[in-house]
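Taking it in order: structure first as structure tokens, then the write-up.
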Amino acid sequence: MVDDNRPNPDQILKAIEEEQKRSHLGSLRVFLGMSAGVGKTYAMLREAQARLREGADVIVGIVETHGRSETEAMLSNLPMLPRKRVSYRDVAIEELDIDEILRKRPKLVLVDELAHTNTPGSRHNKRYQDVIELLDAGIDVYTTINIQHLESRKDLVEKITGVSIRETVPDSILERAQQIQVVDITPAELLRRLKDGKVYLGDKAERAVQNFFKPDSLTALREIALRFTAEKVDQELQSFSDIKQKNGPWQTNERLMVAVSHSPYSERLIRATRRLAFNLEAPWVAVHVDNGVKLSDEDQNQLSKNLALARELKAEVITTAETDIVEALRRIARQRNVTHIVVGRPSRRMFKDFVEGGNLLDRLVDESWEIDIHVIRQDDVPAYSPKFRLNMDFEKDFVPYWNTLCGLFAVAMMNGVLESVIGYRAVGFVFLLYVLFVGTKTSLGPVLMAGALSAIIWNFFFIPPRLTFAISSAEDIIMCLTYFVVALITGTMTNRLRQHEGLIREREDRTNILYEALKDITASREKAEFIDKVCRRLEGALVGTCGVVLRDRNRKLSAQTNHRYGVYLNEKEYAVAQWAFENRKPAGWSTETLSQSPSLYIPLEGNSEVVGVFVYTPEKQRKLSLEQENLLYSVCGQLGASIERHFAEKRLRETEKLQDSEKLHQTLLNSISHEMRTPLTAIMGAAEALLQQTPPQSDDNRKILAEELLQAGERLNRVIENLLDMTRLESGALAIKTEWHDLHDVVGVVLNRLKKNLDGHVVQVNIPDDLPLLNLDFRLFEHTLTNIIYNATVYTPVGSEITISVLTESDNVQIIVEDNGSGIPKESLPKLFEKFYRVPGSPTGGTGLGLSIAKSIVEFHKGTIRAENREDGGVRFTIELPKGQAPDAPKESV
């Protein structure tokens, strides 16, 4: 016999995995208060003092005393970590030094004010993110927070106090807490502390009394804090109960459950349970058990109406599939720690109650002794109908009946041949075996037909006197009746097996669709791709058309997006979709709102916002079954969360792009202002000197000034060329015009252009005479070599050697530029070709664009460029270009 109270293996496995995960993480203890001034920090420091006396390694990461003498006294002998000073807008602000904590790795660190927003430039935007990193590093944390800073309570607190809450913490951080300690004092005591100056001082205290610190507001905040803690304890108790599976619920808190069916009387049960739950101030659950019986359209509509009423009355609605309704109710009652079950008074059905061991009420009372059963009377009790009724699905297809009849005819013919050998009673057993065989292959209708016809054929053709229905022997009468009993039993068992098989198949189909939908979502890179795939899967499962309307950038359901994702809405249908989006409720077909619409509109909700509306248009106006509704809403839930995550990732990318753009803008502004100011200053200075009449300028001075003007102009021209080329490269407007050129010519032009810059350097050029022509854009490639060689002149001292070599291989040509400078730091090599990047310690001047432009131009030529440090000092730049098939040189005419 299976023990129903055995521990749930899945829950045990989950608990073990969570325990293993927690063993590598730090422990979090949260000191929670209804508002500032209740003593959270004081209580935290008192607990830290106790841990310090026990010998624990305790460090104060950051604690705000706000000038309170009692709090400062508690800090007297606790080791304190120096705060990190972060500069923001020329103001030094002290923050938590998380790097130093991770380096010291204490056993326990105190971090006050969990909801604090860090100074821009810190590692994390919020302090709770610092705490998460510390916990992940295995460090225990004590922290404090007020109830108004919890994300889930923010709106409620703002409504009660009328004060806007700017800093919030996600509830998930408190879900990680091993202990939440409420620091509680009465509102009167808190107001007295405020009056005595122990919370705020001066004008700040007066403003607090006028706004946040009102007796009614504080009382409400106190209740919210206590209720939150109670919910946390109740969840922990529920998890512990799920694992232990004790005999019956732990009645630490009342919890009600009502059984809901397709009966119209279920509405009365739901309302009665809601009243009981309200009076007991207890949560309640509405449960529907699908036992495999097919419902008519009318019954399906009534069931949906009943469940919708339960949801409207704030019940937790649960649907499950089980052939045994009582066992399903008992299982859910154990899982939810239910203390009261509400049911209606069932009608009496003698045969069915006898077969099933009693009606639902009798079995619940007998088998659920640990739970209180509430029976709600019915005003109009239906009259008892003594006729025999079974919840059976008779086969509606003609084929099984025809096959059964043909098989029976064949068995009868065979028995006619065998009767002389085995006797007419043995023939009766052959017929009985055939009835059993039919019972294993088909449903109740063909089995009953096989039993009835077998009895008639055996009686009329085989039992003496033959060709009559008279039976003289009592044994033969019992045998005929046995056909019907066997047919009824086997048909009933087969029907139940088929119902159970159908439930398993439906559950498997739903699981497969959910799995495939999740796989489509995770495997697709674009939201349009996974939306289309998920819609196509649902169309096959629900027999209809599906589509999605997403919100626009203004977080509104825009009519301009109607044409996307397979949805085409007219003005009326768009209004229905808009209602569902704004009210976060389903609307349209099969709902109570705008039900004349031919389509069902389901809001796609993420964790924090509605991202769009799912549109389902059925091919047939038959209401969806409960299993199909659950499937549809489950997929919509996954779809909403995935689309919200996609939107969040897109916003993050846009934010990062904007930050990079601002950074590039600032870098460009700084670089260009310097690079353009320097040559312009030289040009203006030389021009003013030339204009001066006294003393008269000599020819040598004028020549020097002209050379300065020329150098400044070339430098300015180089800056402008780099900026223009980078602009063309990023916009895609730069088109290369390749022709076959001799590399000797390109290098010669570059060296002549940089003649003044190369003055004082030793330049060696090693280019083979038989070098083939290269297919390249002369101007752009000249610009590339100019940037690389000019870069070598800047970073190498005067008198050093710069080598330009060309090597040929089978498929490519290598152009190598080497210098004897100081080289490039190893950590800077991967960033060398990035825009605006300059190696730390570089000489003043330059925009950081030259090498980035060179890399882009080389890649336009289907080549590669790399930089590496030489073993004997300096840097080596290597450009590889494909050889290509050069055209034949024209023949000289004779």
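The values are calculated or read from the model by the stated rules, or taken from the named source; none is laboratory data. Since this is a predicted model, take the numbers as computed values, not measurements. All Cβ positions, glycine included, derive from the backbone under ideal geometry; neighbour counts span all protein chains shown. With ligands, DNA and RNA removed, areas are computed over all heavy atoms of the protein, side chains included. Shrake-Rupley method; radii C 1.70, N 1.55, O 1.52, S 1.80 Å.
Going residue by residue through the stretch 150-162, is there one that turns out to be buried (at least 19 other Cβ atoms within 10 Å of the Cβ) and among the small types (Gly, Ala, Ser)?
No: zero hits.
Kindly provide the set of residues from the stretch 149-171 that are in contact with an Asp or Glu (Cβ under 8 Å, 6 or more places away or on another chain) and either of a type in the set (D, E, K, R) or touching a residue at least 12 places away in the same chain (Cβ under 8 Å) (or both), ordered by number. Quick ask: steps written out before the conclusion?
Going through the stretch 149-171, the residues in contact with an Asp or Glu (Cβ under 8 Å, 6 or more places away or on another chain) turn out to be 149-152, 164-165, 168-171.
Scanning the stretch 149-171 gives His149, Leu150, Glu151, Ser152, Ile165, Thr168, Val169, Pro170, Asp171.
Which one of Ile824, Ile879, Ile853 is closer than 26 Å to Pro768 by Cβ and aliphatic (A, V, I, L, M)?
Being closer than 26 Å to Pro768 by Cβ and aliphatic (A, V, I, L, M) holds for just one of Ile824, Ile879, Ile853, which is Ile879.
Scan the stretch 618-651 for residues that are over 15 Å from the mean Cα position of the chain (by Cα) and polar (S, T, N, Q) and report the count.
Residues flagged as over 15 Å from the mean Cα position of the chain (by Cα) and polar (S, T, N, Q) within the stretch 618-651 amount to 4.
Could you tell me which residue of the stretch 148-176 is farthest from Asp216 (Cα to Cα), considering only residues that are in a helix (DSSP H, G or I) and of a type in the set (D, E, K, R)?
Step by step, filter the stretch 148-176, then rank; the result is Glu175.
Can you run down the residue pairs with Cβ atoms below 9 Å, 6 or more apart or on separate chains, where the first is in the stretch 606-620 and over 19 Å from Gly588 (Cα atoms) and the partner is in a strand (DSSP E or B)?
From residues that are over 19 Å from Gly588 (Cα atoms), the pairs are Glu609/Arg551.
Which one of Met74, Met44 is out of contact with any strand residue (DSSP E or B) (no Cβ under 9 Å at 6 or more places or on another chain), at pLDDT 85 or above and open to solvent by less than 80 Å² (accessible area, probe 1.4 Å)?
Met74
Within the stretch 314-325, how many residues turn out to be outside any loop (DSSP other than H, G, I, E, B) and either at pLDDT 85 or above or touching a His at 6+ places or on another chain (Cβ under 8 Å) (or both)?
Looking only at that region, the number is 5.
Considering only residues that are at pLDDT below 75, surrounded by 16 or more Cβ atoms within 10 Å (Cβ to Cβ), of a type in the set (Gly, Ala, Ser) and over 22 Å from Asp745 (Cα atoms), which ones fall in the stretch 820-865?
Correct list: Gly846, Gly848.
So how many residues does the stretch 271-283 have that are surrounded by fewer than 22 Cβ atoms within 10 Å (Cβ to Cβ), of a type outside the set (D, E, K, R) and either touching a residue at least 12 places away in the same chain (Cβ under 8 Å) or touching a Lys or Arg at 6+ places or on another chain (Cβ under 8 Å) (or both)?
5
Looking at this structure, is Glu100 open to solvent by 20 Å² or more (accessible area, probe 1.4 Å) and part of a loop (DSSP other than H, G, I, E, B)?
Values: open to solvent by 20 Å² or more (accessible area, probe 1.4 Å): yes; part of a loop (DSSP other than H, G, I, E, B): no.
The answer is no for Glu100.
Could you list, in sequence order, the residues of the stretch 159-186 that are more than 28 Å from Val58 (Cβ to Cβ) and either β-branched (Val, Ile, Thr) or modelled with pLDDT of 85 or more (or both)?
Selection gives Ile160, Thr161, Val163, Ile165, Thr168, Thr186.
In this structure, is Lys891 at pLDDT below 85, over 46 Å from the mean Cα position of the chain (by Cα) and surrounded by 12 or more Cβ atoms within 10 Å (Cβ to Cβ)?
For Lys891, the condition - at pLDDT below 85, over 46 Å from the mean Cα position of the chain (by Cα) and surrounded by 12 or more Cβ atoms within 10 Å (Cβ to Cβ) - is not met.
Of the residues Ala328, Ala286, which single one is more than 21 Å from Pro586 (Cβ to Cβ) and open to solvent by less than 10 Å² (accessible area, probe 1.4 Å)?
After applying the criteria, what remains is Ala328.
In the stretch 453-481, which residues are out of contact with any Leu (no Cβ under 6 Å at 6 or more places or on another chain), surrounded by 15 or more Cβ atoms within 10 Å (Cβ to Cβ) and of a type in the set (A, V, I, L, M)?
Selection gives Ala455, Ile457, Ile463, Ile471, Met479.
What number of residues within the stretch 78-118 satisfy the criterion of being polar (S, T, N, Q) and at pLDDT 85 or above?
Let us first name the residues in the stretch 78-118 that are polar (S, T, N, Q), namely 87, 117-118.
Filter again for at pLDDT 85 or above, leaving 117-118.
The qualifying residues number 2.
Report the residue count in the stretch 787-819 for those that are modelled with pLDDT under 85 and not charged (D, E, K, R).
The total comes to 13.
Within the stretch 478-492, is even one residue in contact with an Asp or Glu (Cβ under 9 Å, 6 or more places away or on another chain), within 30 Å of Phe431 (Cβ to Cβ) and modelled with pLDDT under 70?
no
Give the residues of the stretch 796-834 that are assigned to a strand (DSSP E or B), touching a residue at least 60 places away in the same chain (Cβ under 8 Å) and of a type outside the set (Ser, Thr, Tyr), sorted by residue number.
Val806, Asn812, Val813, Gln814, Ile815, Ile816, Val817
Scan the stretch 257-299 residue by residue and report those that are charged (D, E, K, R), part of a loop (DSSP other than H, G, I, E, B) and within 30 Å of Thr494 (Cα to Cα). Outline the logic, then answer.
Filtering the stretch 257-299 for residues charged (D, E, K, R) gives 267-268, 271, 274-275, 281, 290, 294, 297-299.
From the residues that got through so far, the ones that are part of a loop (DSSP other than H, G, I, E, B) too are 281, 294.
The one that is charged (D, E, K, R), part of a loop (DSSP other than H, G, I, E, B) and within 30 Å of Thr494 (Cα to Cα): Lys294.
In the stretch 122-129, is there at least one residue being under 28 Å from the mean Cα position of the chain (by Cα) and open to solvent by 80 Å² or more (accessible area, probe 1.4 Å)?
For the stretch 122-129, residues under 28 Å from the mean Cα position of the chain (by Cα) and open to solvent by 80 Å² or more (accessible area, probe 1.4 Å): present.
Determine the pairs where a residue that is touching a residue at least 24 places away in the same chain (Cβ under 8 Å) and at negative phi, located within the stretch 306-328, has a partner that is hydroxyl-bearing (Ser, Thr, Tyr) and assigned to a helix (DSSP H, G or I) with Cβ atoms under 6 Å apart, the partner being 6 or more residues away or on another chain.
Within 6 Å, the pairs are Asn306/Ser266.
Take the conditions more than 31 Å from the chain's Cα centre (by Cα), under 16 Å from Ile62 (Cβ atoms) and touching a residue at least 60 places away in the same chain (Cβ under 8 Å) and apply them to Leu190. Does it pass?
Numbers: more than 31 Å from the chain's Cα centre (by Cα): yes; under 16 Å from Ile62 (Cβ atoms): no; touching a residue at least 60 places away in the same chain (Cβ under 8 Å): yes.
For Leu190, the condition - more than 31 Å from the chain's Cα centre (by Cα), under 16 Å from Ile62 (Cβ atoms) and touching a residue at least 60 places away in the same chain (Cβ under 8 Å) - is not met.
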